[in-house]
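The values are calculated or read from the model by the stated rules, or taken from the named source; none is laboratory data. Computed from a prediction, not measured in an experiment: that's the story for all the values here. No Cβ is skipped: glycine too gets one built from the backbone with ideal geometry, and neighbour counts run over all protein chains shown.
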Amino acid sequence: MNSRGNILRVWLPVVLFGVLWADLVRQLSYTWESNEQYAYGWFVPILALALFWKRWLTRPRVHQPSTINHQPPPWLIALVVMAALALLPIQVVYEINPDWPLPGWLMALVAVGLSLYAVFLTGGWPWARHFAFPVCFILVAVAWPYRIEHGLTQGLMRVVANSTVEALGWFNIPALQRGNLIEVSTGVVGIDEACSGIRSFQSTLMAALFLGELYLLKWHRRILLLVGGVALSFCLNVVRTLILTWHASTAGLSALEKWHDPAGMMIFLLSFACLWAIAVRLRALIPQPSTLDSKTTPTPQPSTLKSETTPLPQPSQQSTFNAQLVTLPSRYLLAIGCWAICVIALTELWYRLHDTQATGVFYWSASFPTNNPSFAAIELNEKVRRNLRHDVGSTAKWTEDDGTEWSGFFFRWNPGPIRSIISARLHRPDVCLPASGFRLVTDAGLDYFEVGALQIPFRKYTYDVNGGPVHVFFCQWEDGSEKQIGMLGSKGADRVRTALSGRRHLGQQTLELVLSGYVSLAEARQAVRTRLPALVRTTGPSVHQISDRSELGPATAS
């Protein structure tokens, strides 16, 4: 009975403290599931536990348990208290903004900080330094800020496209680069498709950091491993793009679907194997203490072996967990664990109270001109539909009477999983169009267009495509009000304001109009203002969900 009591006394605080980490993983998993670029995040918690266990086996010895739980500096206590209290507002904001990197980083840093403080209370600064890397490893799975991620990804795609075109020229295969696109004799190959392995850049960084810690490399060797991993990832992605583009030029664009996944898996395995080989090689360059000792230390005589080996202190403790050897800060772990549970409960209560006060939402949908003789539906391939994960949608193109060409894309995500918010906010013109060869010329900001009683917000862009202007109007709409702020809702202050209003699980929809043939943005804006009432069908305040694709007309694709 006493043994069971000791187990409960030791493990109950640890399990409760684990609630903090379980909730962090839950929040981050929305991004891992919705964004292929961060799919590697599913492995990070497992790898972090493995690294922690490896460090546990070589943890510093605690010689004087009575001095372990010494009084921390006052500034450190104050910092820990503020971090714990900040967990509640961060959780409230992050709950409905899983695509916003800022609260993700704040929540991860709070979890890391509170965990390192627990390690410090257990073994002091030596333990905090010893376990710092495994605890901080979760940070590699947090989404990067958009500007850094987007700039890096688009820059790498352009470099890969340019390198591929140059390589194709060596084999006498004519190719032309258009932004992130490569035009060959059989059609246009998108780098975002043919070289989606460019997204392996971040997973390569994760793998390099993991292998560097696994083999306990010195910091300068870890940096060398990182640089080698980045260079390796880039070179292999150029090879992958070259292979796929070559097949597309000889066997047609349909060959991409056949070779896309096998080539991606081959490059991934080859990249990881090469990175692992580099890490093993760097480890082999480290002098082994046993080799040095064998050359300088004489072999002890059997008569003196016992007396010389017995009293020597060991550098680390036993590998098994023993409450007698390690004194956990049980009160601290219990306090943080209970507070984490309270934060989850209070956040859920906040949104449930406001959900019950919702009286209705306002819906509108797109109604593209099917009676136009030039009207044609735009078919989305399976990969695009899988990435969008929309419930209903309509995509079409047509030519107006003045000869201008219009394309319309309407997608709706019904109220439900938080993934719908990520999908609606992730697929925007400034994110997707540069990968299709569009070069941004002007971001003209937000403008409101009147459709009956509605004021629909559109963000206006002008892109350069093949030397000509293309004007894009994009609306991002969230259920709940007839008055919307559109993409301004993605601004930090508006995200916080949305969280304070308690709105959650709301339907999302987007409407994107792409116009070519207009010389200036002013002409295109006037044309949209004139034509929009005929392209939007309002349904009025309602509480029903749009679930039947037939409501959007024959141009629906989902």
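A few comments on the model shown:
- Candidate set from the stretch 172-183 (those that are in a strand (DSSP E or B) and at pLDDT 80 or above); member that is surrounded by the fewest Cβ atoms within 10 Å (Cβ to Cβ): Leu176
- Flag for Thr186 being surrounded by fewer than 17 Cβ atoms within 10 Å (Cβ to Cβ) and either in the same structural domain as Leu51 (by TED's automatic domain parsing) or on the phi < 0 side of the Ramachandran plot (or both): yes
- The listed residue being under 24 Å from the mean Cα position of the chain (by Cα) and either touching a residue at least 40 places away in the same chain (Cβ under 8 Å) or crowded, with 21+ Cβ neighbours inside 10 Å (or both), out of Ala143, Ala167: Ala143
Yes/no matrix, rows are residues, columns are (1) in a helix (DSSP H, G or I); (2) of a type in the set (Gly, Ala, Ser); (3) modelled with pLDDT of 85 or more:
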| position | (1), (2), (3) |
| --- | --- |
| Arg221 | yes, no, yes |
| Ala255 | yes, yes, no |
| Trp259 | yes, no, no |
| Gly264 | yes, yes, no |
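- Condition check for Val431: of a type outside the set (Gly, Ala, Ser), closer than 20 Å to Leu181 by Cα and part of a strand (DSSP E or B): no
- In the stretch 487-539, residue modelled with the highest pLDDT [restricted to those that are of a type in the set (Ser, Thr, Tyr), in a helix (DSSP H, G or I) and within 27 Å of Ser394 (Cα to Cα)]: Thr530
- Here Glu450 meets the list (1) part of a helix (DSSP H, G or I); (2) modelled with pLDDT of 80 or more; (3) of a type outside the set (Val, Ile, Thr) almost entirely, failing just condition (1).
- Identity of the residue in the stretch 250-269, among the charged types (D, E, K, R) and under 26 Å from the mean Cα position of the chain (by Cα), that ends up farthest from Val188 (Cα to Cα): Asp261
- Of residues in the stretch 110-140 being farther than 18 Å from Ala84 by Cβ and more than 24 Å from the chain's Cα centre (by Cα), the one surrounded by the fewest Cβ atoms within 10 Å (Cβ to Cβ): Trp125
- Elements of type strands (runs of 3 or more DSSP E) in the stretch 332-419, at least 3 residues being polar (S, T, N, Q) and more than 30 Å from Val14 (Cα to Cα): 392-399
- Scanning the stretch 26-47 for residues that are surrounded by fewer than 17 Cβ atoms within 10 Å (Cβ to Cβ) and of a type in the set (A, V, I, L, M, F, W, C) yields Ala39, Trp42, Phe43, Ile46.
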